[in-house]
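The values are calculated or read from the model by the stated rules, or taken from the named source; none is laboratory data. The shown structure was predicted, so the numbers you read here are calculated from the model rather than taken from an experiment. With ideal geometry, Cβ positions are generated from the backbone for all residues, glycine too; neighbour counts draw on all protein chains shown. To get the accessible areas, we keep the full protein, side chains included, count just its heavy atoms, and leave off ligands, DNA and RNA. Shrake-Rupley method; radii C 1.70, N 1.55, O 1.52, S 1.80 Å.
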Amino acid sequence: MATLKEKIGYALGDAAAGGITWKVMSIAFPVFFTSIFGLTVADTAALMLIARMFDVVTDPLMGSLADRTQSRWGTYRPWLIFGAIPFGLIFALLLYTPDFGPVGKRIWAYTFYLLMMAIYTAVNVPYGSLLGVMTKDDNEKNQFSSFRMVGAYAMGFITLFSFPYLQKMVGGTEQHQYAVLGIFFGVFAAIGTLACGLMTKERLKPVRAEKFSFKPFADLFKNKPWIFLTLIGICTNFFNGFRYAVAAYMFDYILGKEITMGGLIINYTVFMMFGEATCMVFGGLSPKFTKWVGSKHKAFMIAAAICAAFSVLYFFMPRDPSAIWLLIAIVILTSVGIGLYSPLLWSMYADVADYATEKNGTSSTGLIFSSGTMAQKFGTAISGSLVAMLLGFSGFVSGTDPVTGDTVITITDMESVKQMIWCLFSIFPAIIAGVMIGLLYIYPIKK
């Protein structure tokens, strides 16, 4: 029986990865690279696409490697314990803007973005796999998964809410602000990851194959639940990825960079913070909601339908700062669905891992959970890449002045850019949620 301390420890792992590093990378990186760091739109899109090709190889290999790890700390925990410091350090370096020209900046961004993806994989694949070896009990798996999501969304809430206030506290240029906040959040990400590794326990021993084989990789593509769940996982991250990647542009070019309501500063991070708070609450309620509707499968479909409906509704809202509270209300209602389905995804990956072990006779828990991490990175980064490309097609041009090194932004068609931004936050996610519902309908594990 797992203790409350262990569940909190497990939550700290995704508080660090999902609530700090991934949240900043999802919401700030497209606008950071194009408007602050000084990459062109094309470079930003290419960087994220190349990183995804990198992940297609590294994520499954990391899952297989983690499954075969044997140490005094267990199978998966040592990757968290010894990966914590590099995780925080590389994140900090990624948010630093060096005083280089266009080529030097391009090399820096590509190097540290790919390193960040590699260390994120080395930490987060074993972290996800822990869920398969901490308990056999399905209800307890749901509880761990719920704690994980509450930890991620609670820290996401803190990160997004504090970001503009910390920027003002740091002062100076935006490049300086991001560099300092990279160090600040990097330290907390390292601490949370280390605490997770030290506070959790591995109670179950993976049933390992006697020697390395490519058979587990081949078996994945014969595993129908895995195929469908991976596609669903990509959709959930496409859904969030479009919204997070375009939020900063929506404030910069439609709603105003900042809206002050009394003493509250509402910028793009605070705007999305309302959704994080909602996800935190409904992520905690997800196990009870699932029990009430009767199955994970049905609960997920209802949650996806909520996301689709309110994303369409957002498109018809006034595009004006005076409507900010109405827009926030739609974000909150959309986030009810996200909060409900987020814990279910990881609990369902545990079901797929159990199905694979029963079918194949050996454990491939790390390999299967690696696909969840790959889906997360694939969906978020490809959506970020598409945001950059589609904004470029609509008339948004960015780059670095080769003489001064300053970031230069040019808008060739402002109305087209505004329309694209609004659609990327509403219609595109709605379409993705519709695809998600279709995939869930044919997903074979109905429990």
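Net charge in the neighbourhood of Met280 (other residues with Cβ under 14 Å of its Cβ; Lys, Arg +1, Asp, Glu -1) is 0. Once amide H atoms are built 1.01 Å from N in the peptide plane, which residues 5 or more positions from Asn267, or in another chain, come under 5 Å H to H? For Asn267, the qualifying residues are Ile259. Normalising the average separation of contacting C-alpha pairs (under 8 angstrom, six or more residues apart) by the number of residues puts the relative contact order of the chain at 30 percent.
For Val408, the residues 5 or more places off, or on other chains, whose built amide H falls under 5 Å of its own are Gly399, Thr400, Asp401. The helix-only estimate of mean residue ellipticity at 222 nm for the chain, built from DSSP H runs of length n ≥ 4 each weighted as -39500 (n - 2.57), is -26000 deg cm²/dmol after division by the residue total. A protection proxy built from the mean count of other Cβ atoms within 10 Å ranks the segments 113-120, 440-447, most packed first, as 113-120, 440-447. Charged side chains reduced to their Cβ positions (Lys and Arg at +1, Asp and Glu at -1) give region 5-60 a dipole of some 180 debye around its Cα centre. Rg over Rh for the chain works out to 0.96, both radii taken from alpha-carbon positions and Rh defined as the Kirkwood radius.
With the highest mean first, a sort of the peptides 72-83, 134-145 on other beta-carbon atoms found within 10 angstrom per residue produces 72-83, 134-145.
Taking a sphere under 12 Å around the Cβ of Ala248 and counting the other residues whose Cβ falls inside, with K and R at +1 and D and E at -1, yields a net charge of -1. Between Val103 and Asn139, full extension at 0.36 nm per residue minus the direct alpha carbon distance yields a gain of 7.7 nm. Quarter the surface of the alpha carbon convex hull of region 134-191 and you get the mean projected area, 4.7 square nanometres. With a Förster radius of 41 Å applied to the beta-carbon distance between Glu202 and Thr260, the computed FRET efficiency rounds to 0.25. Going by alpha carbons, how many degrees (0 to 90, nearest 10) lie between the helix axis of 174-199 and the longest principal axis of the chain? Once rounded, one gets 10 degrees. Comparing Phe82, Leu264, Val331 along the charge dipole axis of the chain, the residue lying farthest to the positive side is Phe82, per the Cβ-charge model.
Of the residues Ala42, Val293, Trp346, the one whose Cα sits farthest toward the positive end of the charge dipole of the chain, with +1 on the Cβ of Lys and Arg and -1 on the Cβ of Asp and Glu, is Val293. Sorted on the mean count of surrounding Cβ atoms within 10 Å across their residues, most packed first, peptides 233-242, 14-23 read 14-23, 233-242.
Taken about its Cα centre, the chain carries a charge dipole of about 1480 debye when Lys and Arg each add +1 at the Cβ and Asp and Glu each add -1 at the Cβ.
For the chain, the fraction of 1.4 Å probe accessible surface lying on carbon and sulfur atoms is 70 percent. Using equal-weight Cα scatterers in the Debye expression, the normalised intensity of region 53-140 in log10 at q = 0.25 Å⁻¹ is -1.19. Computed from backbone phi, the HN-Hα couplings of region 133-138 come to 10, 8, 7, 8, 6, 5 Hz, rounded to whole numbers (Karplus: 6.51 cos²θ - 1.76 cosθ + 1.60, θ = phi - 60°; Gly and Pro given as x). Taking 26 Å as the straight-line reach from the Cα of Lys418, the lysines in range (excluding those fewer than 8 positions away in the same chain) are Lys23, Lys257. Principal-axis analysis of the Cα atoms of the chain puts helix 224-250 at an angle of about 20° to the longest axis. Binning all Cα-Cα separations of region 22-78 at 10 Å, short to long from zero, yields these whole-percent fractions: 21, 31, 24, 19, 5.
Using a Gaussian network model of the chain in which every pair of alpha carbons under 10 angstrom is joined by a spring, one finds that among Val336, Val57, Val312 the greatest mean-square fluctuation is at Val57.
The angle between the Cα long axis of helix 22-31 and the longest principal axis of the Cα atoms of the chain comes to about 30 degrees, rounded to the nearest 10. For the residue pairs Lys136/Lys298; Lys224/Lys446; Lys224/Lys288; Lys141/Lys201, the alpha carbons lie more than 21 Å apart in Lys136/Lys298; Lys224/Lys288.
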